[in-house]
Amino acid sequence: MIIIVMGVSGSGKSTIGEGLATRLGQPFIDGDSLHPAANREKMAHGIPLDDTDRQPWLEAIVATMDEHRERGEALVLACSALKRRYRDFLRGGHDDVRFVYLHASHALLVERLGHRSGHFFDPSLLDSQLATLEEPSAEEAFRVEVGSTPAETIERIVRALVCAVEE
Ligand SMILES: Nc1ncnc2c1ncn2[C@@H]1O[C@H](COP(=O)(O)OP(=O)(O)OP(=O)(O)O)[C@@H](O)[C@H]1O
Ligand SMILES: O=C(O)[C@H](O)[C@@H](O)[C@H](O)[C@H](O)CO
């Protein structure tokens, strides 16, 4: 199974994705590490990415998923996956992809991004992330509120994934 932890910047994709991978004993890849340099540069200058910017990045993520599939390896990925069509592209017709949507209140996002340093993302981009976000339906993703500790959030995700497998 390939689990994609999605949501806007600051929702905790890297933190929860990495913790979830450790908890499941699976490899973790942060989608941010697959952005072309031009995308990082844009975001660092406070310029939101558009569909054209995101296309090579989504392709790189799909290529990474395919490499793991070929090796028969599970994978946890962190990727904003803001629009439905990005999620469809990432799923690519495979039935082994599960999306986990991290939902946080606006106030919590502002607080978290304000505290974070040493990251290329300009916190002022949060509004554009929220405007771009097409929230996934319950069929598309398991939605989890991220107000609690990472450990609690991870356990809720694990329980939901186990239930989905047993159904
Ligand atoms: N459950 C949590 N409780 C408190 N702080 C958290 C929690 N999860 C994440 N954080 C903090 O919030 C900030 C954003 O988290 P993180 O970098 O994981 O989000 P992200 O969605 O990956 O963001 P980006 O897409 O911008 O990389 C970090 O400083 C992180 O330490
Ligand atoms: O789709 C996007 O606009 C980007 O993926 C962003 O979400 C960033 O990668 C990330 O949030 C920065 O940390």
Residue-count net charge about Gln55 - beta-carbon cut-off 13 Å; Lys, Arg +1, Asp, Glu -1: -1
Set the Förster distance to 35 Å, then compute FRET efficiency between Ala131 and His94 from the Cβ-Cβ distance, nearest 0.05. 0.75
Sorted by chain and number, the residues with a modelled amide H under 5 Å from that of Ala141, at a separation of 5 or more or across chains, are none
Rounded to the nearest 0.05, what FRET efficiency do Arg143 and Glu70 have when you use their Cβ-Cβ distance and R0 = 30 Å? 0.45
Compute the distance in nm between two label points, each set 7 Å from the Cα along the Cα-to-Cβ direction, one at His115 and one at Arg85. 3.7 nm
When the chain is fully extended, how far beyond the present Cα-Cα distance does Val62 get from Met1, taking 0.36 nm per residue of separation? 20.6 nm
Convex hull of Cα atoms in region 34-167, direction-averaged projection (nm²): 9.1 nm²
Taking neighbour Cβ counts within 10 Å as the exposure measure, how do Thr149, Thr64 sort from fewest upward? Thr149, Thr64
Given contacts defined as C-alpha pairs under 8 Å and at least six residues apart, what's the relative contact order of the chain, whole-number percent? 37 percent
Mind giving me the nanometre distance, one decimal, between the label points for Glu152 and Asp51, set 7 Å out from Cα along Cα→Cβ? 4.0 nm
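The numbers here are math on the coordinates, done by the rules we state, and not lab data. Predicted, not measured: the structure shown is a model, and the values here were computed from it. Glycine gets a Cβ as well: all are built from the backbone with ideal geometry, and neighbour counts include every protein chain shown.
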